[in-house]
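Student: If you scroll down you'll find the structure; I have some questions about it.
The values are calculated or read from the model by the stated rules, or taken from the named source; none is laboratory data. What you are looking at is a predicted structure, and each value in this text was computed from that prediction instead of being measured. Cβ: placed from backbone, ideal geometry, glycine included. Neighbour counts: every protein chain shown. To get the accessible areas, we keep the full protein, side chains included, count just its heavy atoms, and leave off ligands, DNA and RNA. Shrake-Rupley method; radii C 1.70, N 1.55, O 1.52, S 1.80 Å.
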Amino acid sequence: MILVSSNREKIKEFRRLLAPEIKVEVRKEEYDEIRSDDAAKIAAVAAEELAARLQQPVMVEDAGIFIDALHGFPGTYSKHVYNKIGLPGLVKLLEGENNRRAYYQSAIAYCEPGKKAKTFVGRCYGSIATEKRGSNGWGHDPIFIQAGKRKKYGELKKPGDVSLHRIRSAAKLKKFLLSLRK
């Protein structure tokens, strides 16, 4: 299985989640990423383009954090927002806001050459904290509090822990891939 990604953390997570039945080969391929608020659509279009070009089955993931009070922003633009304003900037956008509900979403697209992509979505619900805390995990983990927990992902995660939204989407993909072997 070819995973197209240059994100080292994401690569480690996928290798762990799909093993031992599915071996993940990583390719760092350039591709045009469409602009959309729909992570599944972004991943599907990319997977279809890459499968056609590489003439091999591929998987692509698009993920982000979606905040209710910001109408789903930053969503599919999470990495860009993180790089531009960081976690303090995102927390500042929510200053004075009572509705801090949010969710992480992972959308994985799997595509074989000449076919339409199949997408697998996983979510983890929670809220955005008023301050950054914790140094574990990556991305928005230091400000995300999973539903039912008191501490932020950045405080709870241990090195090597995989995000729940990715666990859920990868489990759906793995089940699908294993069904193809029957």
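Student: Under the condition of being among the charged types (D, E, K, R) and farther than 26 Å from Ala69 by Cβ, which residue from the stretch 107-162 is least open to solvent (accessible area, probe 1.4 Å)?
Tutor: If we take residues in the stretch 107-162 being among the charged types (D, E, K, R) and farther than 26 Å from Ala69 by Cβ, then Glu112 is least open to solvent (accessible area, probe 1.4 Å).
Student: Exactly one condition in (1) open to solvent by less than 90 Å² (accessible area, probe 1.4 Å); (2) touching a Phe, Trp or Tyr at 6+ places or on another chain (Cβ under 6 Å) is false for Leu87; which is it?
Tutor: The number of the failed condition is (2).
Student: Quick one: in the stretch 25-41, which of the residues that are under 17 Å from the mean Cα position of the chain (by Cα) and within 20 Å of Ala171 (Cα to Cα) is surrounded by the most Cβ atoms within 10 Å (Cβ to Cβ)?
Tutor: Ala39
Student: Restricting to the stretch 120-164, name every residue that is assigned to a loop (DSSP other than H, G, I, E, B), in contact with a helix residue (DSSP H, G or I) (Cβ under 9 Å, 6 or more places away or on another chain) and of a type in the set (A, V, I, L, M).
Tutor: Ala129, Val162
Student: Open to solvent by 80 Å² or more (accessible area, probe 1.4 Å) and closer than 25 Å to Leu18 by Cα: does that describe Lys92?
Tutor: Taking the combined requirement at face value, the residue does not satisfy it.
Student: Which one of these does Ala19 not meet: (1) within 16 Å of Ala170 (Cα to Cα); (2) of a type outside the set (Val, Ile, Thr); (3) surrounded by 14 or more Cβ atoms within 10 Å (Cβ to Cβ)?
Tutor: Every listed condition holds for Ala19 apart from (3).
Student: Follow-up. Of the numbered conditions (1) among the β-branched types (Val, Ile, Thr); (2) at pLDDT below 95; (3) over 25 Å from Val45 (Cα atoms), Ile128 fails exactly one; give the number of that condition.
Tutor: Here Ile128 clears every test but (2).
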